[in-house]
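Worksheet: the structure to be examined is printed underneath.
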Amino acid sequence: MEKYVTTPIFYASGNPHLGHVYSVFIADALKRYWQLKVGRAFLITGTDEYGQKIERTAKDSGISVKQFVNQKSHCFAELWKKLKVSPDYFVRTTDDNHKHNVIDVWSLLTRSGDISLGDYTGLYCVECEQFYSEHQLVDGCCSIHETPVIQYSKPSYLFNLSKHLQSVLSYIEANEDFIQPENYRREVIRFLKESDQENLSISRTDFQWGISVPGNNEHVVYVWVDALFSYLTAIQALGGAKQNLANTIQVIGKDILLFHGVYWLALLSALKFPFPEKIIVHGWWTLRGKKISKSNPSSLIQPIDLAGITTIDGLKYSLLVKKPLGRDGDLTTKTLVETINSGLANSLGNLVKRCTTLISKNHQGLLKTPDKLTTYSEQSIALIAETDSLLSRLEKAYQEAQLHEVCFLVDALISSANTYFHERAPWNPKDSNPLDHAVETLQIICSLLHTISIVYSPIIPNICFDIRRQLGIEERELVWPGRVEILEFVINKPESVFQRIVYEGTK
Ligand SMILES: [Zn+2]
């Protein structure tokens, strides 16, 4: 069955930054893995374009709100293009298909008796566009924006949240790998057990920039409710149905965990729609100790400028390998470059270059498919067996979205291949049958590199493409390998697939 992988639908109040890129890289890697595994996988991203904050920001910049969100949305779409990420659907919450979807959902909730008109009173952060309880505040301020919250009491449509919390809780408790990593699952369970929240306010009356509530133009739909259902809009636009939520993997940042782990699921439960297959929660990167956000200009190194130093694959690899997904981590350009040079240039890139150069120089650029009677040395058989068994561990790591573990496992394999290569020294044949020895060694290395170029393609797709090209493998649709295949390799002109990055900066 096909898979859908979603990123958060990013709020179009500012330009994309490295935090957005991290979410997209994770989702893109997972989509690419599932594409190898099941043949049909879709990456969904987009922009969340309604709400009071956007209305205000647009007003401040002196253009119409629609022009403003068009510009911002375009910035996101362009960045993904520049980073060679190709979403299968880019959802915009101001598009007509989304509006229709939200209106349908609203009508269903009204019919099921889950929505009523009332008043909502509470402490509200305009920046977050959400209510907080007293104990979530720090000195009367929102903990994210450090600005005072306002007392808010307005007529509002209310969603009967408490009615659905128990079914959400039961589901999360019964499905251990539903929210990953585990600490975030526990956080949601704790919230659900302690919550005394009766209703969720799901409409606003003090601004206009939103989807009008069906039958009551004085209200617009709360921006979060609107945004959450954009996942469904995208699935439907790709030809899927609401049932496909059940094979959707949702990548989110830890700051929006409650919206997804509680409100989204409660709404789905009220609608009797399936829950997503998994919610994968990632922590934050800080840049030289500072949170990456638009309210912190010094953190705003342009992702595309950084990729100009690190390369696109280098950036993706280093962000994924440097920390387990759920944790927070601090980065500097210098440490990223060191990680990339060690993993991609010294280890992988060098092995490809040395191996293909030898084949070109000593073997007329050709390693024929061995005939069935070829017997390999114990050392070769052991390395192949090690790789074969690694494939199932890698699958597990991909399926659990442990992408740093994927990198760790493949890097360890590359290291074993390098050791094998150096021990057998195929450039300096010394045993009784020198030609066979060298051919066998190079054949095994090329076969491993070919396997690596498939299983590592979700993380470093461009380098992997170059490796296959260097090995003379005809490009066809890739599938996840069950074992290492020994093929024929044709080397035309050995070229470097990854050059060491020279970075003079100290940060
Ligand atoms: Zn806030």
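When the chain is described by a simple charge dipole with +1 on each Lys and Arg Cβ and -1 on each Asp and Glu Cβ, the residue from SER269, VAL91, SER107 located farthest towards its positive end is VAL91.
In the chain, Rg over Rh equals 1.04, where Rg is the alpha-carbon radius of gyration and Rh the Kirkwood radius from pairwise Cα distances.
Each of CYS75, CYS407, CYS355 was scored by other Cβ atoms within 10 Å of its Cβ. Arranged with the fewest first, they read CYS75, CYS407, CYS355.
With the cut-off at 1.5 for a/c, could you classify segment 433-507 from its C-alpha gyration tensor as rounded, prolate or oblate? Could the numbers behind the result be given before it?
Values: a/c = 2.14, a/b = 1.40, b/c = 1.53.
Here segment 433-507 falls in the oblate category.
Taking the average, over residues, of other Cβ atoms within 10 Å as the packing measure, peptides 448-458, 301-311, 242-252, 3-13 rank 3-13, 448-458, 242-252, 301-311 from highest down.
What are the semi-axes of the equivalent ellipsoid for segment 1-130, taken as the square roots of 5 times the Cα gyration tensor eigenvalues, largest first, in whole Å?
Working: eigenvalues 164, 101, 36 Å².
Rounded to whole Å, the semi-axes are 29, 22, 13.
Annotation: the residues ILE340, ILE115, sorted from fewest to most other C-beta atoms within 10 Å of their own C-beta, follow the order ILE115, ILE340. Averaging 1/r over every pair of different alpha carbons in segment 3-282 and inverting the result gives a Kirkwood radius of 19.3 Å. Working value for segment 1-66: equivalent-ellipsoid semi-axes of 32, 12, 7 Å, each the square root of 5 times a Cα gyration tensor eigenvalue, largest first.
Write down, largest first, the equivalent ellipsoid semi-axes of segment 158-303 in whole Å, where each equals the square root of 5 times an eigenvalue of the alpha-carbon gyration tensor. Walk me through the intermediate numbers first.
Numbers: eigenvalues 127, 103, 60 Å².
After scaling each eigenvalue by five and taking roots: 25, 23, 17 Å.
Under the classification rounded if a/c is under 1.5, otherwise prolate if a/b is larger than b/c and oblate if not, where does segment 315-389 fall, given a ≥ b ≥ c as square roots of the Cα gyration tensor eigenvalues? The shape class here is oblate. Which residues in segment 30-44 have a backbone N closer than 12 Å to a point placed 7 Å from the Cα of GLU477 along the Cα-to-Cβ line? Of the residues in segment 30-44, 35-41 have backbone N under 12 Å from the label point off GLU477. So what does log10 I(q)/I(0) come out to for segment 91-201 at q = 0.09, 0.17, 0.21 Å⁻¹, using the Debye formula with one equal point on every Cα and no solvent? Values returned for q = 0.09, 0.17, 0.21 Å⁻¹ are -0.33, -1.15, -1.23.
Qualifying trypsin sites (Lys or Arg not before Pro) in segment 67-159, where qualification requires a DSSP coil assignment and no more than 15 other C-beta atoms within 10 Å, comprise LYS84.
Normalise the Debye intensity by I(0) for segment 253-329, one equal point scatterer per Cα, no solvent, then take log10 at q = 0.11 Å⁻¹ and round to two decimals. Once normalised to I(0) and log-transformed, intensities are -0.43. For segment 321-351 and segment 24-57, what is the separation of their C-alpha centers, rounded to whole Å? About 24 Å separates the Cα centre of segment 321-351 from the one of segment 24-57.
If I stretch the segment between LYS59 and GLU187 completely, what's the gain in nm (0.36 nm per residue apart, minus their alpha carbon distance), one decimal? Working shown, then result.
Working: separation 128, 0.36 × 128 = 46.08 nm, distance 3.77 nm.
In short, 42.3 nm is gained.
Compute the distance from the alpha-carbon center of segment 472-500 to that of segment 74-112, in whole Å. Distance between centres, Cα-based: 37 Å. With all projection directions averaged, the alpha carbon convex hull of segment 391-483 covers 6.6 nm². Taking each DSSP H run with n ≥ 4 as -39500 (n - 2.57) and averaging over every residue of the chain yields -14000 deg cm²/dmol at 222 nm.
Placing a label point 7 Å from the Cα of LEU238 along the Cα-to-Cβ direction, the residues of segment 82-107 whose backbone N falls under 20 Å from that point are 82-102. Spatially, segment 146-186 and segment 190-241 are offset by 14 Å when compared through their Cα centroids.
Read-outs throughout are calculated quantities, based only on the coordinates presented, and are distinct from any laboratory measurement. Keep in mind it's a predicted model, so treat the numbers as computed, not measured. Here the Cβ is made from the backbone with ideal geometry for all residues, glycine too, and neighbour counts use every protein chain on show.
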